[in-house]
Amino acid sequence: RAKSQRRAGHFYFSRSMGVEIRERVSMMHALRSGFQRGELFLAYQPQVDLATDRAFGAEALLRWRTEDGRLIGPDRFIPIAEYSGLIVDIGEWVLRQALAELVRLRAAGYRTLTMSVNVSQVQFRHPQFVEMLRRALAQTGAPPEYVELEITESMAMEEPALLVEKLAQVKRTGVSIAIDDFGTGFSSLSHLQRLQVDRLKIDRTFVTEITGSARGSSIAEMVIQLGRNLGLSVIAEGVEDERQAHILRSLGCPLAQGFLYARPMSPEDLQAWLDKRKLIEAA
Ligand code: C2E
Ligand code: MG
Ligand code: MG
Ligand code: MG
C-alpha cells in the first residue's frame, strides 16, 4: 500500500496511514496493560506420531482475550509486541507458563511429553536470552530434554556467525531447537548444517499444496529428504485431512500437527485429549 503512495520520490503520509499508526499505538497500549492484567493465556496443540497417531508433544500458542471479550490471535499482536519491545517480557512469561504446564503434566503422569515454545527473533537476540532461559528452566524445574524452542527460518538465515554461537549456547542448556515455517525462507544447505538444530517444521503452506498437483508435494518431499540426510527430525504442521496425512506418511514424514488431530486447547482439554491416546516418545 505504501508503494502506491510514493510518487516521484516523495513520500506522502496519507490519512489512512495515520489511522493505521494510531491503531497500532493504541493496540500497543492495550497489549501492555492487558498483559499486566493477565489477559494473555496459552493454548496447547498436540503433536503426533504419523505412523501410530499417538501423541508425543504439544506446542504452546499464545492467545489474547481482551477486556471486552474479543479473542485476538498472535499473528496480529506479536508484531506489535516485537515492535514495542514488549515481546521480551511476554516471551519470558510464555516460556515460564509453558514450562510450568509441562511440569504439571509430568506430575500427572505424562512423563514423556515434550513442550514446544515459539521464540521471537527480538526475544532471541536479546543479550540476556540464554540467562533468562536457564533461570526459567531452573525455577520451574522443567527438564530441558523435554523442551523445544521454535525459531523461524527467516531468523535462522540472519547473522550466521552470531546465530551459530547463540544456538550453541542455547543447546548447552539441554533444550532442543526446531526451525518453524521451514520452506518459506531461503536457508542454504551449508548454513543449515552449521546450525545445531534438531527438527524442521514443514510450513503449513506446503502441507496444503500436497494434495494438489504432482509438483505440489515437491517441497514437503524435499524437506523430509533434507531432514533424513542431515539426521534431523521432521514434523508437518497444519495437517487438516486424512489425504494429507496419508501422503505425508508415504513420503516418510514421521511427525505431524494440525486440526486433523486437534486444535489448540486449554490445559484441561489437552489432558483429557492425551488420556484418549497413549503417549509415545518422539522420533
Ligand atoms: P506457528 O508457530 O507456525 O504456529 C502454527 C499456527 O498454525 C498456529 O496459529 C496454529 O493454531 C495454526 N494451526 C495449527 N494447525 C492448523 C491446521 O491444521 N490448519 C490451520 N489453518 N492452522 C493450523 P496461531 O496460534 O494463530 O499462531 C500463529 C503464529 O503466531 C505462530 O505460528 C507463531 O509464529 C506465532 N506465535 C504463537 N504463539 C507465540 C508465542 O508464544 N511467541 C511467539 N514469539 N510467537 C508465537
Ligand atoms: Mg510454532
Ligand atoms: Mg509454523
Ligand atoms: Mg506459522
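The values are calculated or read from the model by the stated rules, or taken from the named source; none is laboratory data. No experiment lies behind these values; they were computed from the predicted model shown. Neighbour counts are summed over all protein chains in view; Cβ atoms, including those assigned to glycine, are modelled from backbone coordinates with ideal geometry. Just so you know, the surface numbers come from the protein's heavy atoms only, side chains and all, with ligands and any DNA or RNA stripped out. Shrake-Rupley method; radii C 1.70, N 1.55, O 1.52, S 1.80 Å.
What does the helix-only formula give at 222 nm for the chain: each DSSP H stretch with n ≥ 4 adding -39500 (n - 2.57), the total divided by the residues, and the result rounded to the nearest 500 deg cm²/dmol?
-14000 deg cm²/dmol
Considering only A168, A256, A220, the mean-square fluctuation computed in a Gaussian network model of the chain, springs between alpha carbons under 10 angstrom, is largest for A168. From the largest down, segment 117-260 spans 47, 31, 25 angstrom on the principal axes of its Cα atoms. Here the gap between S16 and S33, fully extended at 0.36 nm per residue and compared with their Cα-Cα distance, gives a gain of 3.5 nm. Applying a DSSP loop filter and a limit of 13 other Cβ atoms within 10 Å to the GluC sites (Glu not before Pro) in segment 61-101 leaves E67. Residues F206, F35, F259 ordered from highest to lowest accessible area at a 1.4 Å probe: F259, F35, F206.
Estimated at the nearest 10 Å², the accessible area of K171 is 50 Å² with a 1.4 Å probe. In summary, the convex hull built on the alpha carbon positions of the chain has an orientation-averaged projected area of 17.3 nm². Sorted largest first by accessible area at a 1.4 angstrom probe radius, with every protein chain in place, the residues E242, E148 fall in the order E242, E148. With all protein chains kept in place, the per residue accessible area of the chain amounts to 50 square angstrom at a probe of 1.4 angstrom. The per residue volume of the convex hull around the alpha-carbon atoms of segment 165-227 is 83 Å³. Remark: relative contact order (the chain) = 19 percent; criterion is Cα-Cα distance under 8 angstrom and separation of 6 or more residues.
For the chain, how many pairs of lysine residues have a Cα-Cα distance under 26 Å, where the two are 8 or more positions apart or belong to different chains? The partial results should precede the final answer.
Values: K166/K201; K171/K201; K201/K276; K201/K278.
Taking the chain as the scope, the lysine pair count is 4.
Shown here: segment 213-279, whose C-alpha atoms stretch 39, 28, 17 Å along the first, second and third principal axes, sorted largest to smallest.
Multiplying the residue separation of D241 and S26 by 0.36 nm and removing their Cα-Cα distance gives an extension gain of 73.5 nm. With R₀ set to 51 Å, the beta-carbon distance separating S154 from K278 gives a calculated FRET efficiency near 0.90.
Remark on V147: its backbone amide H falls under 5 Å from those of M115, S176, a criterion applied only to residues 5 or more positions apart or on other chains, H modelled at 1.01 Å from N.
Rolling a 1.4 Å probe over the protein heavy atoms of the chain, with every protein chain left in place, gives an accessible area that is 52 percent carbon and sulfur. With helices defined as uninterrupted DSSP H runs, which ones in the chain have an alpha carbon span along their own long axis of at least 20 Å and mean Kyte-Doolittle hydropathy of at least -0.5? Correct list, ordered by number: 87-107.
Once fully extended, how much extra length lies between H191 and S250, figured as 0.36 nm per residue of separation less the alpha-carbon to alpha-carbon distance?
Details: separation 59, 0.36 × 59 = 21.24 nm, distance 2.85 nm.
Taking H191 through S250 to full extension adds about 18.4 nm, to one decimal.
Comparing S250, S116, S154 in a Gaussian network model of the chain where C-alpha atoms under 10 Å apart are linked, the largest mean-square fluctuation is found at S250.
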